[in-house]
Amino acid sequence: MRRSEPIKAVRGVRDLLPAELPIWRATEQAARDVAHRFGYEEIVTPVLEHAELIERVGEDTDAVAKELYRFDDRGGRNLALRPEATAGVVRAYFEGGLNQGPQPSRLYLIGPMFRYDRPQKGRYRQFFQFNVEAIGGTAPGLDAEVIEVAEGWLSEVGITDLRLEVNSIGDGKCRPAYLKRLKEYYRPLKSQLGGDSQLRLERNPLRLLDSKLPQDQPLKAGAPKITDHLCPECAAHWAAVLRLLDSAGIEYQLNPFLVRGLDYYTRTVFEFYPGGAAGQQDALGGGGRYDGLAEVEGWPATPAVGFASGLDRVTELVDASSVPVRPAADVVVLPDGDLQLEAAEVGRICRAVRSVSVDYEPKSLRAKMRSANKLGARWVVLFDAEQARRRVANLRDMSSGTQEELDWVELPTRLA
Ligand code: HAM
């Protein structure tokens with residue numbers, strides 16, 4: 001056999017090891033619990049989509065223009081690893097006939113997303129999202145509900161020090177006139193803008209508002225605010241959303257410059273940040289209303305609102321001590337000598353009532369005891385060849401150190 005360098009994981013993607021997963025599973029379980037409490041049902045959509053679906057919904061966004069994992073499959077189809085789930089969930093809502101069911105359709109999804117971003121802490125090329133989407137409803141109550149689900153989940157996992165920023169970015173009726181004003185404001189200042197922002201001025205002027213470039217900041221402060229230019233319908237919707245948040249006791253900050261990184265939003269947009277430090281931190285989650293997305297995908301116009309949050313970032317903030325640690329196995333079976341059949345049988349007997357790990361390896365009893373200790377097992381079942389012939393074993397309670405000899409058949413009652 002040729003020896004070679006071990007092959008490591010792909011850059012920007014990572015393994016989640018057993019020690020980390022209890023926090024992940026507890027965080028996911030809280031997400032499911034909160035979603036169910038609000039009447040949301042789970043949906044799973046594929047990680048692979050036609051690249052065109054993704055490109056259509058966000059050709060001007062970084063996640064699509066610069067960060068899309070795109071490739072041709074063996075049949076020459078142009079596919080993409082999904083950078084986000086909303087486009088796929090909307091597709092599935094129509095293809096699966098959920099649009100024929102009760103409206104709005106309340107859906108949640110947990111799964112991996114892929115963005116070819118520059119990897120760093122909290123930013124990965126494969127990351128996991130908890131998504132909530134309410135499709136087929138126009139009411140401002142739904143916008144506030146989605147925010148309440150997000151907030152309820154984050155506080156359930158113990159992240160209470162949060163900053164929620166909200167904004168309304170209008171719709172197809174009022175936004176064009178606002179964008180015209182925005183361009184008029186920025187055009188004379190063009191030479192003072194950063195390079196990327198100069199390009200955005202004509203293509204996607206709304207994104208000038210969330211520019212992080214230092215030289216853009218003083219210019220931004222004087223820019224017209226979209227919330228001052230909403231049409232009466234958008235203004236009424238926005239006022240209703242804020243009233244609902246107030247009555248739910250949800251604290252928020254109005255941020256007239258919040259526009260979000262994806263193109264498909266209308267009206268309400270929001271983002272959650274970890275509390276304390278201001279500004280530059282990465283968002284824990286975000287979302288908003290996307291009344292135009294279905295039509296862009298080629299389906300009948302259908303209003304919707306949703307949010308997504310990165311589990312990689314949220315689990316980072318969950319206090320490990322709030323999650324119960326479970327040993328890999330409650331019981332370890334330790335035969336003294338090569339007693340493979342007998343050890344397997346004793347394991348099977350105990351497994352009726354407890355999780356059991358059997359140590360088959362040809363190690364000394366001392367070495368086996370050491371690994372049983374490391375596993376954190378509550379009990380150890382020990383026997384040698386002579387005891388195996390009598391079908392008995394010593395049951396040792398690892399916390400008290402007490403030990404008694406029992407018939408194998410008595411073990412389940414004692415361990416239960
Ligand atoms: P997004 O803001 O692009 O929105 O992503 C939502 C969240 O996913 C972010 O706030 C962040 O926590 C997490 N996230 C994004 N990129 C990464 C990354 N490279 N590594 C780790 N975490 C990341 C959306 O995806 C929209 N689909 C949300 C939505 C649902 N809007 C309506 N419905």
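Some notes on this structure:
- Qualifying residue in the stretch 165-180 (condition: buried (at least 16 other Cβ atoms within 10 Å of the Cβ) and either more than 34 Å from the chain's Cα centre (by Cα) or of a type in the set (S, T, N, Q) (or both)): yes
- Pairs are defined by a Cβ separation below 6 Å, a sequence spacing of at least 6 or placement on different chains, a first member in the stretch 1-25 that is aromatic (Phe, Trp, Tyr), and a second member that is modelled with pLDDT of 95 or more; the pairs so defined are TRP24/THR315.
- Matching residues, the stretch 365-380, being over 41 Å from the mean Cα position of the chain (by Cα) and surrounded by 12 or more Cβ atoms within 10 Å (Cβ to Cβ): LEU365
Residues checked against (1) free of Cβ contacts under 8 Å to residues at least 60 places away in the same chain; (2) hydrophobic (A, V, I, L, M, F, W, C); (3) closer than 30 Å to ARG203 by Cβ:
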| residue | (1), (2), (3) |
| --- | --- |
| PRO102 | yes, no, no |
| GLY111 | no, no, no |
| VAL132 | no, yes, no |
| GLY136 | no, no, no |
| ALA139 | yes, yes, no |
| LEU179 | yes, yes, yes |
| GLU184 | yes, no, yes |
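- Unique match (being outside any helix (DSSP H, G or I), over 14 Å from the mean Cα position of the chain (by Cα), surrounded by 12 or more Cβ atoms within 10 Å (Cβ to Cβ) and not small (Gly, Ala, Ser)) among ARG3, ARG14: ARG14
- Hits in the stretch 58-82 (condition: part of a helix (DSSP H, G or I), within 12 Å of the ligand (Cβ to nearest atom) and surrounded by fewer than 22 Cβ atoms within 10 Å (Cβ to Cβ)): ASP62, ALA63
- Residue pairs meeting the criteria (Cβ under 8 Å; at least 6 apart or on separate chains; first farther than 18 Å from LEU375 by Cα and among the polar types (S, T, N, Q), in the stretch 310-332; second within 16 Å of the ligand (Cβ to nearest atom) and modelled with pLDDT under 90): none
- Qualifying residue in the stretch 206-227 (condition: within 26 Å of the chain's Cα centre (by Cα), under 30 Å from LYS66 (Cβ atoms), in contact (Cβ under 8 Å) with a residue 60 or more places away in the chain and surrounded by 18 or more Cβ atoms within 10 Å (Cβ to Cβ)): yes
- Scanning the stretch 121-161 for residues that are over 23 Å from PRO104 (Cα atoms) and either of a type in the set (Ser, Thr, Tyr) or surrounded by fewer than 19 Cβ atoms within 10 Å (Cβ to Cβ) (or both) yields a count of 10.
- ARG390 falls short of the stated requirement of being among the basic types (Lys, Arg) and surrounded by 15 or more Cβ atoms within 10 Å (Cβ to Cβ).
- Top-ranked residue in the stretch 319-336 [being in a loop (DSSP other than H, G, I, E, B) and modelled with pLDDT under 95; ranked as farthest from the ligand (Cβ to nearest atom)]: PRO327
- Search result, residues across the stretch 119-132 that are of a type outside the set (Phe, Trp, Tyr) and within 16 Å of PRO46 (Cβ to Cβ): GLN126, GLN129, ASN131
- For the stretch 352-405, a tally of residues being under 14 Å from ALA329 (Cβ atoms) and assigned to a strand (DSSP E or B) returns 6.
- Every residue from the stretch 272-289 that is of a type in the set (Asp, Glu) and either over 30 Å from LEU17 (Cβ atoms) or more than 7 Å from the ligand (Cβ to nearest atom) (or both): none
- Conditions (1) outside any loop (DSSP other than H, G, I, E, B); (2) within 22 Å of ARG123 (Cβ to Cβ); (3) small (Gly, Ala, Ser): number failed by ALA235: (2)
- Positions within the stretch 290-312 being in a loop (DSSP other than H, G, I, E, B), within 13 Å of the ligand (Cβ to nearest atom) and small (Gly, Ala, Ser), in sequence order: GLY292
- Members of the stretch 209-230 found to be at pLDDT 90 or above, of a type in the set (A, V, I, L, M) and assigned to a helix (DSSP H, G or I), listed by number: LEU209, LEU219, ILE226
- Taking the criterion of being near the ligand (Cβ under 8 Å from one of its atoms) and within 25 Å of LEU21 (Cβ to Cβ), the residues of the stretch 83-118 that qualify are PRO83, GLU84, ALA85, MET113, ARG115, ASP117.
- Listed conditions (1) over 23 Å from VAL409 (Cβ atoms); (2) surrounded by fewer than 16 Cβ atoms within 10 Å (Cβ to Cβ) are all met by ALA385, apart from (1).
The values are calculated or read from the model by the stated rules, or taken from the named source; none is laboratory data. Remember, it's a predicted structure, so these values are computed and weren't measured experimentally. Cβ: placed from backbone, ideal geometry, glycine included. Neighbour counts: every protein chain shown.
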